[in-house]
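Working notes, beginning with the structure itself.
Taken together, the values in this text are just the output of simple stated rules run on the coordinates, not laboratory data. Keep in mind the model is a prediction, meaning the values are calculated, not measured. No Cβ is skipped: glycine too gets one built from the backbone with ideal geometry, and neighbour counts run over all protein chains shown.
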Amino acid sequence: MASDAIVARYLKRGGVRIYRFRVETFPGHFNNIYLILDGLHSTLFDVGSGLPDSNAGLDTAMHEMQERFGESIRLEQVQHVVISHSHMDHFGHVGYFVRDTSAQIYVHELDARVLQNFEERIVLASKDLRVFMERSGLKPQARNTLEEMYRFSKSFFKSIRVDRILKDRDRIINGYVVHHVPGHCPGQICLQVDEVLLTADHVLSRITPHQSPASITPFCGLELYLASLEKIRQVPGVSLALPGHESDIAELAPRIDAITAHHARRLAQVLDICREPSALVEISKRLFGERSGYTRLLALEEAGAHVEYLFQRGELAIANLDQVASEANPVIFYEVRK
């Protein structure tokens, strides 16, 4: 099957059909949404962003599946909606299923607060983000612009109910196994359907999933992410991994090796940069070059996750400790610990 096809089908043991829908959830940004048809059970794994083009893309994919593969199920008939994690491109359309269908909504306990108390989450996250940006060395105007972008991108979602709170190793629906893999997101899960592992944003086939520091969001951070990679490496019986973006992963262990090696190289780069005292904004620029718009914040968070990891292990020290001790939120300069 073509890796960029809108709809792809996977036939698994016992007659289970898994359909992958490739949907443009934000302009130029594509997600894989999965529909699992298993006897009398129908399950969506993620639902897209909720933006009009994303919703239209999901509808188009459903119609293509019906025409090409003879499936009769309609979107409003789906019984279960499992949210892989609480990033907008994966859960933003879930309100439709709460309001207009009888589907049961599933999400991990560490991400349930985002869906159920979304407005509270945005207020608190914005404040933590502001402190992070102040300490990074961003100028006030840039901070204000990025914080405004952050809040605006979340402004169209309203809190919804959740029917089932998930925990690690839960078995749900028809015996599907929940694997909690925090790091990229606090409540990130992979879902195992027999020999298939739906990896969402935990393991991707080409790029490395975005990392942000735990100082912004607890249960994120590179330490937890790397530990979660090793956890998934140990899951037995997986013959195919289906990620939340990009193409299928035929061999999971080598891809995990490649992601781990990538982060090792990036950590070494940070240590090299910090041979001289450096603020996070400069570290980010040295790692990723000049960035603009929301990608500037993503680059800053990615750099921050690696700095945090090294600082927690005592490999980096604060070069301006006296200033940090005496001021509320000064710019922090990091240097290799001597």
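Structure notes:
- Cα-only radius of gyration and Dmax that characterise the range 256-317, units Å: 11.6, 33
- Each Lys or Arg adds one and each Asp or Glu takes one away; over the other residues whose Cβ falls under 12 Å from the Cβ of D38, this sums to +2.
- Local net charge near V324, Cβ-Cβ under 14 Å (Lys/Arg +1, Asp/Glu -1): -3
- Between the range 111-158 and the range 237-257, the alpha-carbon center distance in angstrom: 32
- Summary value for the range 9-63: 30 percent relative contact order, contacts being C-alpha pairs under 8 angstrom separated by 6+ residues.
- Annotation: average projected area of the range 1-66 is 4.6 square nanometres, based on the convex hull of Cα atoms across all directions.
- Cβ crowding within 10 Å ranks L11, L37 as L11, L37, fewest other Cβ atoms first.
- Taking amide H positions as modeled 1.01 Å from N, with prolines and chain starts lacking one, the residues under 5 Å from L166 and 5 or more places away or on another chain are V107, H108, E109.
- Close amide H pairs (under 5 Å, H built 1.01 Å from N) link L316 with F311, R337, residues at least 5 positions away or on another chain.
- Spatial separation of Cα centroids for the range 187-227 and the range 1-61, in angstrom: 20
- P(r) tail fraction, the chain - alpha-carbon pairs more than 34 Å apart, %: 26
- The range 150-246, relative contact order [Cα under 8 Å, separation at least 6], %: 27
- Antiparallel %, DSSP beta bridges [both residues in the chain], to 5: 70
- Length-normalised contact order for the range 1-150 - Cα pairs under 8 Å, 6+ apart - percent: 16
- Largest first and in whole Å, the equivalent-ellipsoid semi-axes of the range 201-338 read 31, 16, 13, each the square root of five times a Cα gyration tensor eigenvalue.
- A simple count of charges around S136, restricted to other residues whose Cβ falls under 10 Å of its Cβ and scoring Lys, Arg +1 and Asp, Glu -1, yields -1.
- Computed about the Cα centre, the dipole magnitude for the range 131-272 is approximately 500 debye when only Lys and Arg (+1) and Asp and Glu (-1) carry charge, each at its Cβ.
- Placing unit charges on the Cβ atoms of the charged side chains and taking the dipole of the range 40-86 about its Cα centre, the candidate lying farthest along the positive direction among H80, M62, V47 is H80.
- With at most 13 neighbouring Cβ atoms within 10 Å, loop GluC sites (Glu not before Pro) (DSSP) excluded, longest segment of the chain: 1-194
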